[in-house]
Amino acid sequence: MSKYSFLLKLCRFKVTGFTPEDFQNNPELKKCVIIMAPHTAAYDFLVGLLCIRHLGLKMAMVVKKEMFIFPFKGFLTKIGCVPVDRKHALHFTDFAVDLIKGREEIAFILCPEGSRKYVEHWKRGFYQIAEKAGVPICLSHIDFKSRTTGVGKIFYPTGNYEQDLAEIEKYYYGMRGLRKGRFNLENR
């Protein structure tokens with residue numbers, strides 16, 4: 001048992017879906033965008049990160065550059081965080097695509113809700129990044145209702161965002177984050 005699966009067990013979460021071997025044996029998944037949902041609290045994200053580590057993925061996620069100060073900078077860098085200047089948000093998609101294309105292996109992690117509070121519509125950046133970088137989208141969940149986490153589905157963008165988003169959202173219907181009522185697909 002890896003230290004990450006042990007920590008997930010301590011958090012009372014079971015990993016479902018894809019296994020570490022599934023990712024190791026599939027060259028198409030060496031580069032991907034991973035979306036994590038629901039994201040209603042920082043704890044949701046912590047469970048998701050433990051899951052990604054358990055799966056053995058070389059993750060990267062963006063964190064506002066203001067967080068890259070002592071004593072956090074070393075830790076954030078070690079776990080795969082990349083500083084981003086939020087003042088240049090218009091160029092974020094290009095920044096992310098360049099980051100993905102510049103690495104041999106990368107699991108670029110985003111929360112499509114864009115916030116820990118209730119939002120009616122997901123941000124579309126994750127889709128644009130995957131489409132421009134030519135990589136699949138891995139659907140990762142942190143469901144407090146079933147106490148499961150994992151990557152359960154791989155999705156390849158078709159170019160029809162509205163149709164694809166409807167298909168992606170079906171995967172998350174009925175899941176619940178730590179903070180009940182903050183996930184827009186919880187009651188579907």
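Just so you know, in region 1-14 the residues that are within 16 Å of D143 (Cα to Cα) and part of a loop (DSSP other than H, G, I, E, B) include one that is nearest to the chain's Cα centre (by Cα), and it is F13.
When region 15-61 is examined, which residues are found to be in a loop (DSSP other than H, G, I, E, B), over 22 Å from I129 (Cα atoms) and either under 10 Å from the mean Cα position of the chain (by Cα) or acidic (D, E) (or both)? Selection gives nothing.
Look at A42 and say whether it is in contact (Cβ under 8 Å) with a residue 40 or more places away in the chain, of a type in the set (G, A, S) and surrounded by 16 or more Cβ atoms within 10 Å (Cβ to Cβ). Taking the combined requirement at face value, the residue does not satisfy it. Across region 19-50, the number of residues qualifying as in contact with a helix residue (DSSP H, G or I) (Cβ under 8 Å, 6 or more places away or on another chain) and of a type in the set (A, V, I, L, M) comes to 8. Do you know which residues across region 83-120 are closer than 15 Å to M36 by Cα and exposed (fewer than 13 other Cβ atoms within 10 Å of the Cβ)? S115, K117, listed by residue number. For region 147-165, a residue qualifies if it is free of Cβ contacts under 8 Å to residues at least 60 places away in the same chain and not in a strand (DSSP E or B), and the qualifying residues are Y156, P157, T158, G159, N160, Y161, E162, Q163, D164, L165. Look at region 1-16: where a residue is touching a residue at least 24 places away in the same chain (Cβ under 8 Å) and of a type in the set (F, W, Y) and a partner is part of a helix (DSSP H, G or I) and surrounded by 18 or more Cβ atoms within 10 Å (Cβ to Cβ), sitting 6+ places away or on another chain with Cβ atoms under 8 Å, you get Y4/L50; Y4/C51; Y4/R53; Y4/H54; F13/V47; F13/L50; F13/C51. Taking (1) out of contact with any helix residue (DSSP H, G or I) (no Cβ under 8 Å at 6 or more places or on another chain); (2) modelled with pLDDT of 90 or more in turn, K78 satisfies each apart from (2). Counting just the residues of region 133-143 that are in contact (Cβ under 8 Å) with a residue 40 or more places away in the chain and either of a type in the set (A, V, I, L, M, F, W, C) or over 22 Å from R179 (Cβ atoms) (or both), which one comes out surrounded by the most Cβ atoms within 10 Å (Cβ to Cβ)? Step by step, filter region 133-143, then rank; the result is I142. Note on region 144-188: residues that are surrounded by 16 or more Cβ atoms within 10 Å (Cβ to Cβ) and among the aromatic types (F, W, Y) amount to 5.
Tell me whether region 123-139 contains one or more residues that are hydroxyl-bearing (S, T, Y) and assigned to a loop (DSSP other than H, G, I, E, B). For region 123-139, residues hydroxyl-bearing (S, T, Y) and assigned to a loop (DSSP other than H, G, I, E, B): absent. Sort out which residues of region 69-92 are more than 21 Å from K58 (Cβ to Cβ), in a helix (DSSP H, G or I) and of a type outside the set (A, V, I, L, M), and write them in order of number. Of everything in region 69-92, those that are more than 21 Å from K58 (Cβ to Cβ), in a helix (DSSP H, G or I) and of a type outside the set (A, V, I, L, M) turn out to be R86, K87, H88, H91.
The values are calculated or read from the model by the stated rules, or taken from the named source; none is laboratory data. Remember, it's a predicted structure, so these values are computed and weren't measured experimentally. Cβ coordinates were reconstructed from backbone atoms using ideal geometry, including for glycine residues, and neighbour counts include every protein chain displayed.
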